[in-house]
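A short write-up of the structure that comes next.
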Amino acid sequence: MTRPISRLPLKIAAIGLSVVALAACTPKRAVETATPGGPTAPYDNNPVYPGAGGNVGGSDMSGSSRPGSEQDFAINVGDRIYFELDSYQVSPEAYPRLDAQAQWLARYPQIGVRIEGNADERGTREYNLALGARRAESIRNYLIQRGVSAGRIDTISFGKERPIAEGSTEDSWARNRNGHTAIVSGAQ
């Protein structure tokens with residue numbers, strides 16, 4: 001009695017080739033490493049963090065905003081840094097961005113800011129609010145150490161309530177673990 005030939009390996013091979021072909025057709029985005037073992041940055045030309053806006057060390061859009069404005073700060077300095085999972089420690093990779101923020105704020109002493117601490121969707125609401133508060137306070141302390149008056153800096157935590165990236169992927173979670181420096185007064 002002869003045994004029938006199974007077509008299962010053939011079907012698996014066909015599915016595998018289909019997946020490879022589909023992957024080859026998917027548009028590619030440039031990926032830059034943000035931190036060792038940390039998130040990647042496929043969103044903008046920011047050499048430090050994903051989706052942050054602004055370019056530490058220069059911008060090709062520097063002429064497109066009025067000096068001392070919210071746009072000037074966001075585009076030419078960068079208004080957001082990112083944190084590792086369950087961490088509120090400012091990483092060395094964030095120092096250039098925060099140093100640039102401190103220098104910009106020294107140039108415009110009439111401006112007041114609010115540091116907004118954010119977290120990804122994982123964890124309880126209470127945990128993420130506390131983590132966001134610690135992240136905001138870490139940024140505030142860094143700016144104060146760089147000469148920005150404590151009276152010009154307020155903090156708030158939004159926890160996981162204000163995501164900047166939708167979805168439940170490592171990529172979106174990495175973007176949502178951030179501290180945002182928002183100008184609240186004195187901008188031109």
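Here is how the numbers come out for the structure above:
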read-out: Meets criteria (crowded, with 20+ Cβ neighbours inside 10 Å and touching a residue at least 12 places away in the same chain (Cβ under 8 Å)) for Arg80; value: yes
read-out: Residues of region 163-187 satisfying the condition of being assigned to a loop (DSSP other than H, G, I, E, B) and surrounded by 13 or more Cβ atoms within 10 Å (Cβ to Cβ); value: Pro163, Ile164, Ala165, Arg177, Gly186, Ala187
read-out: Those residues of region 105-132 which are under 20 Å from Ser185 (Cα atoms), part of a helix (DSSP H, G or I) and aliphatic (A, V, I, L, M), in sequence order; value: Leu105, Ala106
read-out: Evaluation of Gly51 against (1) at pLDDT 95 or above; (2) among the small types (Gly, Ala, Ser); (3) within 14 Å of the chain's Cα centre (by Cα) (one fails), failing number; value: (1)
read-out: When residues of region 105-153 are limited to those that are under 17 Å from Ala174 (Cα atoms) and touching a residue at least 60 places away in the same chain (Cβ under 8 Å), the one surrounded by the fewest Cβ atoms within 10 Å (Cβ to Cβ); value: Glu116
read-out: Region 67-104, residues that are farther than 25 Å from Asn176 by Cβ and in a helix (DSSP H, G or I); value: Asp72, Gln103
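The values are calculated or read from the model by the stated rules, or taken from the named source; none is laboratory data. Fair warning: this is a prediction, and the values are worked out from it, not measured in the lab. Using ideal geometry, Cβ is built from the backbone for each residue, glycine included, and neighbour counts are taken over all protein chains shown.
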